[in-house]
Number of protein chains: 2
Amino acid sequence: MTIDEFKTYGHKIVDWIAEFYETIEERPVMSQVMPGEVKTRLPSAAPETPESMDRILADFDSIILPGITHWQHPSFFAYFPANGSFPSLLAEMLTAALGAQCMIWQTSPAAAELEEVVMEWLKKGLGLPDAFTGVLQDTASTATLCALVSAREKATGFAGNEKGAAAAGKAAGTLRVYTSAESHSSVEKGAKIAGFGRENVIKIPVDGNFAMIPDKLEEILKRDLAAGYKPACIVAALGSTSSLALDPLGPVGRIAERFGLWFHVDAAMAGSAALLPEKRRILEGVEYADSFVFNPHKWLFTNFDCSAYFVKDPAHLINTFSITPEYLKTSVDGEVKNYRDWGVQLGRRFRALKLWFVLRSFGLEGLREKLRAHIAQAEQFTAWLREDGRFEILAPVNLNLVCFRYIPRSGQSPRTPDSPGVPSEAELETINKKLLDRVNGTGKVFLTHTKLNGKFTLRMCIGQTNTEERHVRQAWELLRDYAGS
Amino acid sequence: MTIDEFKTYGHKIVDWIAEFYETIEERPVMSQVMPGEVKTRLPSAAPETPESMDRILADFDSIILPGITHWQHPSFFAYFPANGSFPSLLAEMLTAALGAQCMIWQTSPAAAELEEVVMEWLKKGLGLPDAFTGVLQDTASTATLCALVSAREKATGFAGNEKGAAAAGKAAGTLRVYTSAESHSSVEKGAKIAGFGRENVIKIPVDGNFAMIPDKLEEILKRDLAAGYKPACIVAALGSTSSLALDPLGPVGRIAERFGLWFHVDAAMAGSAALLPEKRRILEGVEYADSFVFNPHKWLFTNFDCSAYFVKDPAHLINTFSITPEYLKTSVDGEVKNYRDWGVQLGRRFRALKLWFVLRSFGLEGLREKLRAHIAQAEQFTAWLREDGRFEILAPVNLNLVCFRYIPRSGQSPRTPDSPGVPSEAELETINKKLLDRVNGTGKVFLTHTKLNGKFTLRMCIGQTNTEERHVRQAWELLRDYAGS
C-alpha cells in the first residue's frame, strides 16, 4: 500500500469512525450473534494474492461489526467499563504510526521520559504519596502479578528468583497471600503463576459491606504463623469487582506493616475517583502500600490497555525482573529508566502518549466533571430503584456501581410451605437471570451479573465516556417494565 | 471533544502520518536526544483546565518527536524489527475506535472468532502441524512465560497451581529448564517469575554456529536426573537474538519426547520465514513441540504488539490459567473459546483485526516477496563485507541478520609482544564500539551490538517493511567509510 493509498483509506476510516460514533446508539450494545456465526463467514485459509482494502473494509462492516459488543456505547453498563475517548483515540493513531517498541530508554527516549512524567501527573492528581514511583503496565492482572512476585522475593530474600520457589519455600516455609473474599480473580491467577498455589491464597471474610475485616485478617495471620506458614503478601481490593467494596486501607495496611508483609492495593476501577477531593478519603492508608494499581483504561477515558502501577521501592521490581543481556546494554543505562526491568514483558507499546493526550485535553477539572456525572447518575439510578419498591439494593453504592435485584411481591412475608410470598433464592436467581437476558436482548443496554452472599445480583456500572442521564433512565425504564412483565 | 472536532483532528493526523512516512528518511533513525532532555521540557503536573488539541499536537511535534527512535525508518537495522505497515495501521485505528475489551467471547464474539480463524491461517501458512491451536499474546516474553508455567504444571501434575511451587517442588524435586546458551533473556525472566529460579535455567553449550548441541543436552539431562533434579522444560531458540542461530528442533525434540519434557520453541523473529517454502526446513522437528511462538509484530508487518502462540494441547493452558469468577460466567461458556483462560492477562485488545488486515492486504505471496527481499538484502550486505576484506562475519547468515566486526589490519598475523598486527580482543571491542557509535551518530542508520564467543559483534538486521537495497547499501557505505577513518 502506497502512502497515497494509506491517505485515502485513512481519511475514509476517520469518516467511518465519526459516523460510527454518530450512530452507535442505533446498534445493539451487546452483540447478538450466535456462537460460530462469525467464524462460518470467514474462509479457512489466508488468500495467496492481495485483496483490496475496499473489500476488507466491506467485510469488516458486514462480518465483524455485528459481532462486536460495543464497549463505547453510552448504554454499556456491564463489567467495569473500558472507556476510551477521542483524544485517546487520536493518540492511538499516532502511537500506531510511530510503531515504536519502547522496551528501553534508547528505543525511544521520549516514550520513557513521557511515561515518567505522566505517572508523576497521575500521582499528584490522585494524591498518592510522594514516595511512590509509577510505571505503565498493560492490565491490572499483570500489575498484580508483579506485586505478587515482588512479595515472594521480599519474603525469601530474593531466593525465589535465584534458587526457585521450591528451595526458597523449603527455607522460608510455605508462602501465603491474604486477600478479601471479594477480591478480583487476578489475585488467584497471579498467585498460581508466581507459584504460591491456589491453596495458599487465603480469602479473608468480609463485613456486611463486602469489605475485608481487619480483625479476621490478623486472626488468620496469627493462626498461619503458629502453623508454620510464611505470610508474604496482603492484597486489598479498593473497589471489588462484584460490588466496588472498599477494603479499609489504614487498618489493613497497619497489619501488613506490623507483620512485615508486602501490601498491594488493587484499585483498578475505583482509583480514578481519588481525583475527586470529596472522594479522596478512599485512599486513606494508602501510604502503607508497597504497590498500588489503577486502570486509566477503566474509568479515565484512556483506551485499553493502560494500567498505572505505583511502587514504593522500584528496587524490588528491578531486582525481580531485571535481565541484562549484552544485546540490550547501552551506554546510558546508569542515567535512565529502562522500563523493560519494571514488568513481565520485554517489549512495550508507547502507552504514555494517550494518557498525556487525555490528561491535557480534558484537564483535571474536565476529568472530575465526568467522574462526578457518573457518580450522580449511579445515585439517581439507585433512587429510582428504591422509589419503585420492588428492587433490593444489595451493596452500598460507593461510587458508580449499583448492585441490585428484582424481588416480585417484595414486602410480603417469605414463603412458607403453606403460603406464597417472597420467592426462594433459587427462584429469584431464575427470575433475575431472565430479566437480565431480556433487557440485554433488546440490544439497548448491556448489564452483567455477579453473586453477593450467594444471591444472584445485577450490576449496573456507569462509566462510559458518553453516558448521560437519559441512557441511565432508559436502562431503568427497561428494567422497570420487564420486571414482573 | 465533539465528533466534528474528532473528525477535524483525525483528518489532520492522517495527513500528518502520510507526511511523516514521506519524510521519515530525513529524520535520524535513532533519537539523538540526551537523557533528561524530553523530561525537562514537560510541566511537573497535569493542567487543571483543558488544553487545545492544536497545542497538544504542536508539543507532540516539537517535544516528543525528536525523542522517538524511528522503528519504521527503512534504515532501522537494530535489535529485531517491529515492522508495521499501512494495512495494520488502518486496523489499529479501527481497533482503537471500537475500544472493545475482548477478554471473553461475549465481550466481542467477532474478536474471539476472528482470532481463531487468523491463527488457523497462520498455522497453515507456516506449515505448522494440524494438531496445534493458536492464541494471540502480546509478546513472546508472555508466551514463553505461559510455556514455562505450563511445563511446571505438567511436571508436577498441576500441583504447583494448587499447592504452590514449594510443595510441588518438595514432592517432585527441584524443577529445571534447559535452553541454549544463546536463548533469549525472556527464558530466564520467565523462569524467575514462574518460580524455577535463575539457577535452574541450565544453559546448554552451542556449536560453532551458536546452535544448541543435542548431545550436550542429553548428557546434562542425564547428569541432572542422576543428581535428583526434576527436568521440566526444554526451550529451543529458533533464531537466537544475538545471531539468529537455529537450534535443531528434530534432535532436541526427540530428546524432549524421550525424557517426557515440555518442549517450547521460541521462533519470535525467524518463525515468519516458514512462510517461504525454501526456508520451511527450519521447522523440521516442530511436531515434537508442545508450544511454539513467533511474532507477527517482528517480521510480518503487523504492528507491535502481536505475538502468535501455538500449543499442542490447550488443556494445559486452560488448566493453568483458568479462573471462573461468577461475574465472568456466561450462558455460552460450554460452546465458545474464552481466551482469558489462555494467558496471563484477563483483559485483551482486539489484536486479530490487524493480522487479518495484513494477511488479506498483502496476501501470502505479498508477504513472501517482502521476506525474500530482506533475505536477499542480507546476503548482498554479507557479500559486500566479504569483498571488502576488512570485516569478519561472526555467525552464519541464516536469514536476515548479519553478525560482523571490523578488524583493522586483518590478514596480518596476531600481534605478539614484539610485533604489531591484528588488534587484541579488547582493542577490537573499543574499535567496533566506536564504529557503531559513529555510524549511529550520523542518524542515517541504526544498528546494535551483541557478543558472540565474547567478541563484540555488530548486528545488521534487515526487516523493516520499507527497506530497499539502497538503504542497505547506504549502511554498508557508512560502515566501510567510517571503518579505519
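The values are calculated or read from the model by the stated rules, or taken from the named source; none is laboratory data. Computed from a predicted model, the values in this text were never measured in an experiment. Methodologically, a virtual Cβ is constructed for each residue, glycine included, from the backbone with ideal geometry; neighbour enumeration extends over all protein chains shown. To get the accessible areas, we keep the full protein, side chains included, count just its heavy atoms, and leave off ligands, DNA and RNA. Shrake-Rupley method; radii C 1.70, N 1.55, O 1.52, S 1.80 Å.
Answer yes if at least one residue in region A:274-293 is among the aliphatic types (A, V, I, L, M), more than 22 Å from the chain's Cα centre (by Cα) and farther than 20 Å from A:GLN137 by Cα, and no otherwise.
No - not one qualifying residue is present in region A:274-293.
Test A:ALA140 against the stated conditions and say whether it is crowded, with 24+ Cβ neighbours inside 10 Å, more than 20 Å from B:LYS189 (Cβ to Cβ) and at the interface with another protein chain (Cβ under 9 Å from one of its Cβ atoms).
Answer is yes for this residue.
How about region B:380-403: which of its residues are in a helix (DSSP H, G or I) and under 18 Å from B:TYR79 (Cα atoms)?
Of everything in region B:380-403, those that are in a helix (DSSP H, G or I) and under 18 Å from B:TYR79 (Cα atoms) turn out to be B:PHE381, B:THR382.
Matching residues to (1) away from every other protein chain (no Cβ under 13 Å); (2) β-branched (Val, Ile, Thr):
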| site | (1), (2) |
| --- | --- |
| A:GLN380 | yes, no |
| A:PRO396 | yes, no |
| A:GLY421 | yes, no |
| A:GLU425 | yes, no |
| A:LYS433 | no, no |
| A:CYS461 | no, no |
| A:VAL472 | yes, yes |
| A:ASP481 | yes, no |
| A:GLY484 | yes, no |
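If you check A:GLY260, A:GLY253, which single one turns out to be on the phi > 0 side of the Ramachandran plot and assigned by TED's automatic domain parsing to the domain that holds A:LYS154?
Of A:GLY260, A:GLY253, the one residue that is on the phi > 0 side of the Ramachandran plot and assigned by TED's automatic domain parsing to the domain that holds A:LYS154 is A:GLY260.
Please go through (1) in a loop (DSSP other than H, G, I, E, B); (2) open to solvent by 30 Å² or more (accessible area, probe 1.4 Å) for A:VAL344 and return the number of the only condition it doesn't satisfy.
Only one criterion is unmet by A:VAL344, namely (2).
Among the residues of region B:43-68, what is the count of those that are aliphatic (A, V, I, L, M) and farther than 20 Å from A:LEU94 by Cα?
2
Within region B:154-172, how many residues are open to solvent by less than 40 Å² (accessible area, probe 1.4 Å) and not small (Gly, Ala, Ser)?
Qualifying residue count, region B:154-172: 2.
Scan region A:200-212 and give yes if some residue there is at the interface with another protein chain (Cβ under 9 Å from one of its Cβ atoms), under 19 Å from B:PHE196 (Cα atoms) and open to solvent by 10 Å² or more (accessible area, probe 1.4 Å), otherwise no.
no
Answer yes if at least one residue in region A:177-191 is over 30 Å from A:PHE321 (Cα atoms) and touching a residue at least 40 places away in the same chain (Cβ under 8 Å), and no otherwise.
No, the conditions are met nowhere in region A:177-191.
Would you check which residues across region A:326-371 are out of contact with any His (no Cβ under 8 Å at 6 or more places or on another chain) and among the hydroxyl-bearing types (Ser, Thr, Tyr) and list them?
Hits for region A:326-371 are A:THR330, A:SER331, A:TYR339, A:SER361.
Looking only at residues that are assigned to a helix (DSSP H, G or I) and facing chain B (nearest Cβ under 7 Å) in region A:108-120, which one is most open to solvent (accessible area, probe 1.4 Å)?
The extreme case among them is A:GLU120.
Residues that are in a loop (DSSP other than H, G, I, E, B) and either more than 19 Å from A:ALA147 (Cα to Cα) or at pLDDT below 95 (or both): does region A:214-223 have at least one?
no
Name the one entry in A:GLU48, A:GLU37, A:GLU5 that is within 30 Å of the chain's Cα centre (by Cα) and on the phi < 0 side of the Ramachandran plot.
None of the other options fit; the residue is A:GLU37.
So which of A:ALA352, A:ALA373 ends up being at negative phi and either open to solvent by less than 10 Å² (accessible area, probe 1.4 Å) or in the same structural domain as A:LEU122 (by TED's automatic domain parsing) (or both)?
Residue meeting the stated conditions: A:ALA352.
Kindly establish whether A:PRO277 is within 14 Å of chain B (Cβ to nearest Cβ), over 20 Å from A:LYS451 (Cα atoms), surrounded by 24 or more Cβ atoms within 10 Å (Cβ to Cβ) and of a type outside the set (S, T, N, Q).
no
Taking only pairs six or more apart or across chains, which ones have beta-carbon atoms under 6 Å, a first residue in region A:1-28 that is within 7 Å of another protein chain (Cβ to nearest Cβ), and a second residue that is of a type in the set (Asp, Glu)?
Between residues of region A:1-28 that are within 7 Å of another protein chain (Cβ to nearest Cβ) and residues that are of a type in the set (Asp, Glu), the close pairs are A:ILE3/B:GLU22.
Only residues that are β-branched (Val, Ile, Thr) and either more than 7 Å from chain B (Cβ to nearest Cβ) or under 24 Å from B:LYS189 (Cβ atoms) (or both): list them for region A:165-196, please.
Correct list: A:VAL177, A:THR179, A:VAL187, A:ILE193.
Which one is nearest to A:SER361 (Cα to Cα), of the residues in region A:68-107 that are touching a Cys at 6+ places or on another chain (Cβ under 8 Å) and open to solvent by 10 Å² or more (accessible area, probe 1.4 Å)?
A:PHE80
Those residues that are open to solvent by less than 20 Å² (accessible area, probe 1.4 Å) and in contact with a strand residue (DSSP E or B) (Cβ under 7 Å, 6 or more places away or on another chain), I need them from region B:450-479; list them, please.
B:THR450, B:LEU452, B:PHE456, B:THR457, B:LEU458, B:ARG459, B:MET460, B:CYS461, B:GLN464, B:ALA475
Identify all residues within region A:37-54 that are surrounded by 13 or more Cβ atoms within 10 Å (Cβ to Cβ) and more than 7 Å from chain B (Cβ to nearest Cβ); write none if there are none.
A:GLU37, A:ARG41
Hey, B:ILE13 hits all of (1) surrounded by fewer than 23 Cβ atoms within 10 Å (Cβ to Cβ); (2) assigned by TED's automatic domain parsing to the domain that holds B:GLU468; (3) closer than 30 Å to A:PRO74 by Cα but one; which does it fall short on?
(1)
Which ones in region A:143-161 are modelled with pLDDT of 85 or more and facing chain B (nearest Cβ under 7 Å)?
If the condition is that a residue be modelled with pLDDT of 85 or more and facing chain B (nearest Cβ under 7 Å), then A:LEU145, A:VAL149 are the ones that fit.
Looking at (1) on the phi > 0 side of the Ramachandran plot; (2) at pLDDT 95 or above, which one does B:PHE381 not meet, given that it meets all the others?
(1)
Do any residues in region B:379-400 that are more than 19 Å from B:LYS279 (Cα to Cα) have Cβ atoms under 9 Å from those of residues that are among the polar types (S, T, N, Q) and open to solvent by 20 Å² or more (accessible area, probe 1.4 Å), where the two are at least six apart or on different chains, and which pairs are they?
Note: pairs meeting the criteria are B:GLY389/B:SER410; B:ARG390/B:SER410; B:PHE391/B:SER410; B:GLU392/B:SER410; B:LEU394/B:ASN453.
Determine the pairs where a residue that is within 14 Å of another protein chain (Cβ to nearest Cβ) and more than 16 Å from B:TRP356 (Cβ to Cβ), located within region B:290-319, has a partner that is surrounded by fewer than 24 Cβ atoms within 10 Å (Cβ to Cβ) and of a type in the set (D, E, K, R) with Cβ atoms under 7 Å apart, the partner being 6 or more residues away or on another chain.
Cβ pairs passing all conditions: B:HIS316/B:LYS154; B:ILE318/B:ASP341.
Whether any residue in region A:173-180 is more than 30 Å from A:ALA352 (Cβ to Cβ), surrounded by fewer than 24 Cβ atoms within 10 Å (Cβ to Cβ) and among the hydrophobic types (A, V, I, L, M, F, W, C) is what I want to check.
no
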